[in-house]
1. Express in whole angstrom the spacing between the alpha-carbon centres of the stretch 138-157 and the stretch 430-452.
2. Show me, bin by bin at 10 Å from 0, the whole-percent P(r) of the stretch 418-528 based on Cα pairs.
3. Between Asn379 and Arg279, what length in nm is gained on full extension when 0.36 nm per residue of separation is reduced by their alpha carbon distance?
4. Once phi is turned into ³J(HN,Hα) by the Karplus curve 6.51 cos²θ - 1.76 cosθ + 1.60 with θ = phi - 60°, what whole-Hz value does each residue of the stretch 474-491 show in order, with x for glycine and proline?
5. Which order do the peptides 435-441, 166-172 come out in when sorted by mean C-beta neighbours inside 10 angstrom, highest first?
6. Report, to two decimal places, the Cα Rg of the chain normalised by 2.2 N^0.38 Å (N = number of residues).
7. Among all lysine pairs in the chain that are eight or more places apart or on different chains, how many have alpha carbons less than 24 angstrom apart?
8. Rg(Cα) of the stretch 49-151 divided by 2.2 N^0.38 Å?
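Every number here is computed from the coordinates shown, using simple stated rules; none is lab data. The structure presented is a predicted model; accordingly, all values stated were derived computationally and were not measured. In this analysis, Cβ positions are derived from the backbone assuming ideal geometry, glycine residues included, and neighbour counts consider all displayed protein chains.
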Amino acid sequence: MASLAVDLALSVLLLWWAWRFFLPLEEVVNIELFDETGDLWRALREPILAWPAEYGPLYPLWYRFLALFDPEPLRLYYHSYRWVGILAAVLFYLALRRMRVARPPAFWAAMVLLMSQGQARVWPRISVFWAVVLGLGWVVVGHDEDAPTWMRWMNAAWVLGWSAFVRPGLTMPALVLFLVALALGLRRRFEGISWRRGALWATLLIPLMLWGSPYRSDRLLLAFSQHFVVRRADMGDPIPDPWVNTRYIERYFSRTDSLWAMFRERPDLFRDHVLFNFRSLFDLPPLKRPYALKRFYSKKRLALYFLLAAWPGLFVAWRRWPEYAAEITAAGLVLGQSMVNVLLIYPHMHYLYLGWVASLMGYGLVLGVGWQDWARRRNLRGLAYWGTLLAVLALSWRLFGDRTVTYWIQSLKDPSRRVPSVARFIRHLPLPKDRTLYTLGTDGEWVVYFGPQFVSLDDAFRASGKPLAVFLREQRVDLIVMGDPRLCTRDPETCQDLKARPEQWGYVLRYAPLEGGGRYPILIRADLLPPGSEDEGGEPPSQRP
């Protein structure tokens, strides 16, 4: 009971530290569109069964859970950002403790994770939510030293199986662990099985039945193709707006239906792509701009990133492999998946984060297993245990006592706060609430911040291939957000005419005031506004989410 009280006290301390760390979040972090907003949009706009398994459906489920307490999307974005960062660190500590890691290294590993740039800046936040699911999974299954070996492997497979519904790339590592557990269990005729443990493992059937397998080969193919095109642009190939022009992949490969076919056709292009990713990982010249690792921590620390893969060897040398083979293999597979994503696709921070968490878990096992029972002894070892814990707490206070998210993010990337500013302006307009309002220029799913009746037509516009003028004649478009230049790429003359003579098109031009000055042009269909409101300023009160 006393041991549980100490862990509870350390968890509360870590929770308090994490809350302080994320306290100034809204002051320095913008609401970003696309990936993160897409998950929020999916949570608020689509039925649960429609969520694609390959896009991590547990994360929209998390958003939907938070929406029970505060459904306002501008605030919901920050609620998720803050709480996944807080819970990832706290659950990481509890997971290490459930794996019988001593308190001093477990608390220190959790503090390092919490105070890292990864915890502050990784985006989209689904990767940090993955750490929440991973930590919660290990808290549930723990480490039972008396359990049969096959059961520990099955526990690890179950944890990574749930994790795969956040990061689908972990499907294959989970399957590897499951096959090992199955082979070991068959040899021992599944000794030690209980109906409770079997029922726990069976819960993994729930997401499988709801969404199907999270692994999709076409998802990996799309990710590779998009980032391959971006890399070719980095190498100097003339590709306009490479992040959205994935079709340029056909310039380099005659077959683009599978990675294997592309590799067999041009292995030299694969080699160049992987080498460029490796070089950009360590910010090696010649490169046009700094890449992931330089922004992830510091250059010196991150030059040692790959050395973190040394901990399995350290663990074996420490003679703990037979007891912790499942846990250390699971961490190694996650680290390997992280490196595959980084080298084959792109050195994104959210890929690196997977390996960072796995490495901290591995080092926690290396340094913290074997002396957790010293706490109960009234001798020199017990004194050393509690002295080490006090030293860890003192060092944490000395190094991290005043650190907040502003240590890594000093200022807003977009001081105008474009998304909330425009969203509040549109909400303030006297538009009808009982009809669907079709919008253009809202790529990235940011209609979710306007209100439930707004529906984006951007995908339909792109798929049509028609000039803007033709699309407006054929489709009813109630609102056009004119600030995105990509809207006008296909038909700049129509855009100019819309701004110069909106009444000729049946619209009223209004300007959303941005924070810190500036205005964002918005076109509203004139018949949607009540008589006499066409000339009103319509500026919403200035307040932040």
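1. Each part's Cα centre sits 48 Å from the other's.
2. Bin by bin from 0 Å, the calculated values are 14, 51, 32, 2.
3. Numbers: separation 100, 0.36 × 100 = 36.00 nm, distance 5.16 nm.
In short, 30.8 nm is gained.
4. These are the phi-based 3J(HN,Hα) values: 8, 10, 7, 10, 7, 8, 10, 8, 8, x, 7, x, 5, 4, 9, 4, 7, 8 Hz.
5. My ranking of the peptides, most packed first, is 166-172, 435-441.
6. 1.08
7. The result is 6.
8. Here the answer is 1.22, to two decimals.
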